[in-house]
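Here the structure is laid out as structure tokens; the discussion comes afterwards.
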Amino acid sequence: MSQGRPLIFGFNIDPMGHHNGAWRHPGSDPSKLHSIEYEIELAQKAEAAGFEMLFIADSLAFNHGAADETAFVKAFEPFTLFAAVASHTRYPGLVCTVSSTYTEPYNLARYLTSLDHVSHGRAAWNIVTTADPLSPKNFGLEAPVSHGERYAVANDVAEAAFALWDSWENDAVVADQGGGRFFDKKKVAPANYQGRYRSTAGPLNVVPSPQKRPVIVQAGQSPDGRAFAAKYAEVVYMVAQHIDDAREYYQDIKRRIADAGRDPKKVFVIMSVRVLVEPTSEAAEARNRELFDLLPLEKTLANVSKLIGLDLTSAALDDQIPELPEPGSTETFQTQLAMVRNLVARGQIRTLRDLGVLMNGGQGVLSITGAPQTVADEIQRWADAGVTDGFMILPQQTQVDGPNFTDLVVPLLKERRLMAGASPQKMTFRQRLNATAERG
């Protein structure tokens, strides 16, 4: 087990799942896409099972295009969703995905402080730098921000938000009703952050929340992304298909964190995994084939093309994978590009068919399919390799794999002491993470 400390587990509460064909399966009810009651139910079941954080991804454009009628659309943006979830849960951290590219720091700081108040100190900010080419036009821009510039903007947004959160000292609010003094003016100051891309005056017009700053979460495979994570992140998401790739990423991030003057033990690198679970391996494989049939390989390759910045749709499925772009040479998703390049270089995939089968209706996250014992064994294999501090669980078909994982796999993980579960104590999310780090 990595670092000899307990692993942490997160759960993605996407109501459909992480197979792009899941919404079409007879076991899925598409109406739950816009059911806050179902989202709350998912969150409560994950909390009861012992998950220490809840997560939801986000996007700022209809990336599949209105002409593609097979693409489903979610109903909730993260702030609204987690404000509701916060009122019905008590312990898990709430990881809110917010784009630094298209969100002004003052609004962002206010929203996250409000969520931290509503959740009694459980807010987390998953900082993403938006790469897709359709989002800019939704914000009055004609072209995407370049990869390197996105991280420079992200640095400004983060620093501006930190300055706003720090504009109030923790004990600035005195609420002296008799004296008519709500705050101590000596303990509130302008932020006055001036960066190249973003600036803000401040101070913030909401009072400090339990954590003051949310927990910072980040994912990035490129050198810019890794440097950003080393500077700011308290939780880092990792995507890998091979243990050697995970080891390289894990060791590099930990080294960068130490070089930045931070304690690597207090930063958790957690691996994203998609799961498909059935009571028997035969049932799991049968449903896996059903999902596979609901999303043709051609559709999967079209999605991959958007991720890596290379059109893969014009060749035959059994053609060799063409020469891939060099890292940093495209303005698309560097994590997926690096992963595909590594798989090709290692000889794990050769043809476009191989690539489509590997992606299996998703975005390249490692998929584990099988009976509960098989899924638990595979999670343990990665944990025993010492390449991760925990796992973010992404059900392939949430309405089936969510309850199957919590009911059938979680007990096995707890028996093996891989999953400790969230302590039912009143702590902020950051306090929980620090307590876990100290136990290591």
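Structure summary
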| item | result |
| --- | --- |
| All positions within the range 417-440 that are of a type outside the set (Lys, Arg), closer than 19 Å to VAL118 by Cα and out of contact with any strand residue (DSSP E or B) (no Cβ under 6 Å at 6 or more places or on another chain) | PRO424, GLN425, MET427, THR428, GLN431 |
| Residue match in the range 136-155 (condition: in contact (Cβ under 8 Å) with a residue 60 or more places away in the chain and of a type in the set (Asp, Glu)) | no |
| Residue count, the range 369-404 (criterion: buried (at least 23 other Cβ atoms within 10 Å of the Cβ), within 23 Å of ASP293 (Cβ to Cβ) and β-branched (Val, Ile, Thr)) | 2 |
| Tally of residues being modelled with pLDDT of 95 or more and assigned to a loop (DSSP other than H, G, I, E, B) across the range 203-235 | 14 |
| The listed residue being surrounded by 19 or more Cβ atoms within 10 Å (Cβ to Cβ), over 23 Å from CYS96 (Cα atoms) and in contact with a strand residue (DSSP E or B) (Cβ under 6 Å, 6 or more places away or on another chain), out of LEU276, LEU291 | LEU276 |
| Hey, THR351 surrounded by 19 or more Cβ atoms within 10 Å (Cβ to Cβ) and under 29 Å from GLU298 (Cβ atoms) or not | no |
| Scan of the range 109-150 for residues that are in a loop (DSSP other than H, G, I, E, B), of a type outside the set (D, E, K, R) and at pLDDT below 95, ordered by number | THR129, THR130, ALA131, PRO133, LEU134, PHE139, GLY140, LEU141, ALA143, PRO144, VAL145, SER146 |
| Residue count, the range 68-78 (criterion: buried (at least 18 other Cβ atoms within 10 Å of the Cβ) and either in contact with a helix residue (DSSP H, G or I) (Cβ under 8 Å, 6 or more places away or on another chain) or under 11 Å from VAL118 (Cβ atoms) (or both)) | 1 |
| TYR106 vs. criteria within 19 Å of the chain's Cα centre (by Cα) and not in a loop (DSSP other than H, G, I, E, B) | no |
| Residue list for the range 116-130, restricted to those being over 11 Å from the mean Cα position of the chain (by Cα) and of a type in the set (A, V, I, L, M, F, W, C) | VAL118, ALA123 |
| Residue within the range 159-179 that is assigned by TED's automatic domain parsing to the domain that holds PHE429, out of contact with any His (no Cβ under 6 Å at 6 or more places or on another chain), assigned to a strand (DSSP E or B) and over 29 Å from LYS426 (Cβ atoms) present | no |
| Counted residues, the range 181-198 - those being in a strand (DSSP E or B) and either hydrophobic (A, V, I, L, M, F, W, C) or farther than 23 Å from PHE79 by Cβ (or both) | 5 |
| Odd one out for LYS266 among (1) more than 23 Å from the chain's Cα centre (by Cα); (2) touching a residue at least 60 places away in the same chain (Cβ under 8 Å) | (1) |
| Subset of the range 427-440 (residues that are touching a residue at least 12 places away in the same chain (Cβ under 8 Å) and over 18 Å from TRP125 (Cβ atoms)) | MET427, ALA435, THR436, ALA437, ARG439, GLY440 |
| Some residue of the range 66-80 being in a helix (DSSP H, G or I), hydrophobic (A, V, I, L, M, F, W, C) and more than 22 Å from SER209 (Cα to Cα) | no |
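The values are calculated or read from the model by the stated rules, or taken from the named source; none is laboratory data. All values reported here derive from a predicted model rather than from experimental measurement. Ideal geometry is used to build each Cβ from the backbone, glycine not excepted, and the neighbour counts take in all protein chains shown.
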